[in-house]
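K.L.:
Quick one: the structure is below, and I'll ask about it shortly.
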Amino acid sequence: MTLDRENVHARELLLLGRCPACAELLPALVVLRGESCDHCATPARVDARHEEALTEALSARWTRRSWIAVGIVGMASLMGGFVPFVQAPILLVGTLLAQVWVIGDAIGWLSPLRGAFTRLTLNLLLAALGVADLAANALVAGIPLLSAPILGLLGAATLWLYLAAARTLIRARLARDREGAPLGVTEWGVPVALLLTLVGVVLGAVVLAWAVIQAGEALLGGIVHALGGVLP
Ligand SMILES: [Zn+2]
């Protein structure tokens, strides 16, 4: 069904999170549920199939923006792939920009706390993908001609995967928000557990490195001492 001009205008305002009549900013849930505006009491709805129309429009915007982002990052990865290790920062910057342009827009529809934990979960996933991509850069660094096309494909595929995962996650969280479900244990527990694991691994590595250095120094001191005793 196509919307008439008036409804298109209303939908565009609703997509910005604003009342279709007075253009005041409204809470995301008010817009998603098509409830009445707090300021002018006009229902924040497109038409009878409000939720469907809004979801379709948001989904279409997400799809359009993601393909543009994947295309740009893929091309930039291909070009940067000729120089060793240049593709990793290109992918990181591209993904952070996509995070603002594609994901940030969708997370804005979630309630603040749920949105914050969703963002944390996605950032941790991004960190894992970044490390994997850095490892891939190291692997292909020795293959001069093939490294660029491989990294071009990899850059596009990684961002696509990340955006697909983000879309699935945000869609599920949005459904919970609309049901009025409280923040679930998995919603905050998974990212917090991952974050603590990450901090633990980093701290563990630092402590281990420090212990190895101490042991090395002690050993070296012992050798020097022993040699000192022998040498004139
Ligand atoms: Zn209003």
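The values are calculated or read from the model by the stated rules, or taken from the named source; none is laboratory data. Being a predicted model, the structure only gives us computed values, none of them experimental. Neighbour counts are summed over all protein chains in view; Cβ atoms, including those assigned to glycine, are modelled from backbone coordinates with ideal geometry.
K.L.:
When both residues are 6+ apart or on different chains and their Cβ atoms are under 7 Å apart, which pairs have a first residue that lies in the range 159-178 and is outside the structural domain of G34 (by TED's automatic domain parsing), and a second that is among the charged types (D, E, K, R) and part of a helix (DSSP H, G or I)?
P.N.:
Once the first residue is outside the structural domain of G34 (by TED's automatic domain parsing) and sits in the range 159-178, its partners that are among the charged types (D, E, K, R) and part of a helix (DSSP H, G or I) give R173/R114; D177/R114; R178/R33.
K.L.:
(1) under 18 Å from the mean Cα position of the chain (by Cα); (2) within 15 Å of the ligand (Cβ to nearest atom): which one isn't true of S59, the others all being true?
P.N.:
(2)
K.L.:
Does N123 satisfy being without any contact (Cβ under 8 Å) to a residue 60 or more places away in the chain, among the polar types (S, T, N, Q) and surrounded by 19 or more Cβ atoms within 10 Å (Cβ to Cβ)? Show your work before the answer.
P.N.:
On the way: without any contact (Cβ under 8 Å) to a residue 60 or more places away in the chain: yes; among the polar types (S, T, N, Q): yes; surrounded by 19 or more Cβ atoms within 10 Å (Cβ to Cβ): no.
It is false that N123 is without any contact (Cβ under 8 Å) to a residue 60 or more places away in the chain, among the polar types (S, T, N, Q) and surrounded by 19 or more Cβ atoms within 10 Å (Cβ to Cβ).
K.L.:
Restricting attention to the range 121-136, does a residue exist that is of a type outside the set (F, W, Y), under 20 Å from R171 (Cα atoms), within 16 Å of the ligand (Cβ to nearest atom) and assigned to a helix (DSSP H, G or I)?
P.N.:
Among the residues of the range 121-136, not one is of a type outside the set (F, W, Y), under 20 Å from R171 (Cα atoms), within 16 Å of the ligand (Cβ to nearest atom) and assigned to a helix (DSSP H, G or I), which makes the answer no.
K.L.:
Can you find a residue that is in contact (Cβ under 8 Å) with a residue 60 or more places away in the chain, farther than 13 Å from L159 by Cα and among the aliphatic types (A, V, I, L, M) anywhere in the range 73-91?
P.N.:
yes
K.L.:
For the range 34-54, which residues satisfy the criterion of being out of contact with any Pro (no Cβ under 9 Å at 6 or more places or on another chain) and either within 11 Å of the ligand (Cβ to nearest atom) or more than 18 Å from N7 (Cβ to Cβ) (or both)?
P.N.:
Taking the range 34-54 and keeping what is out of contact with any Pro (no Cβ under 9 Å at 6 or more places or on another chain), we get 39-41, 47-49, 51-54.
Residues satisfying the conditions are H39, C40, A41.
K.L.:
A further question on this structure: Under 9 Å by Cβ, and 6 or more places apart or on different chains, what pairs join a residue from the range 20-33 that is near the ligand (Cβ under 7 Å from one of its atoms) with one that is modelled with pLDDT of 90 or more and of a type in the set (S, T, Y)?
P.N.:
Note: pairs meeting the criteria are A21/T42; C22/T42.
K.L.:
Only residues that are of a type outside the set (K, R) and touching a residue at least 12 places away in the same chain (Cβ under 8 Å): list them for the range 2-19, please.
P.N.:
Matches in the range 2-19: L3, N7, A10, L14, L15, G17, C19.
K.L.:
Quick check: anything in the range 188-206 under 30 Å from W109 (Cα atoms), surrounded by fewer than 11 Cβ atoms within 10 Å (Cβ to Cβ), without any contact (Cβ under 8 Å) to a residue 60 or more places away in the chain and of a type in the set (S, T, Y)?
P.N.:
The answer is no, given that none of the residues of the range 188-206 is under 30 Å from W109 (Cα atoms), surrounded by fewer than 11 Cβ atoms within 10 Å (Cβ to Cβ), without any contact (Cβ under 8 Å) to a residue 60 or more places away in the chain and of a type in the set (S, T, Y).
K.L.:
Is the range 69-79 home to any residue that is exposed (fewer than 13 other Cβ atoms within 10 Å of the Cβ) and modelled with pLDDT of 90 or more?
P.N.:
Yes, there is a match, as at least one residue in the range 69-79 is exposed (fewer than 13 other Cβ atoms within 10 Å of the Cβ) and modelled with pLDDT of 90 or more.
K.L.:
Another question about this same structure. Closer than 28 Å to L196 by Cα and either surrounded by 14 or more Cβ atoms within 10 Å (Cβ to Cβ) or of a type in the set (V, I, T) (or both) - does that describe any residue in the range 139-154?
P.N.:
Scanning the range 139-154, I find no residue that is closer than 28 Å to L196 by Cα and either surrounded by 14 or more Cβ atoms within 10 Å (Cβ to Cβ) or of a type in the set (V, I, T) (or both), so the answer is no.
K.L.:
Condition first: small (G, A, S) and over 14 Å from L78 (Cα atoms). Now tell me which residues in the range 137-170 satisfy that.
P.N.:
Listed by number, the residues that qualify are A138, G142, A164, A165, A166.
K.L.:
Considering only residues that are surrounded by 15 or more Cβ atoms within 10 Å (Cβ to Cβ), more than 9 Å from the ligand (Cβ to nearest atom) and under 19 Å from I107 (Cβ atoms), which ones fall in the range 1-19?
P.N.:
L14, L15, G17
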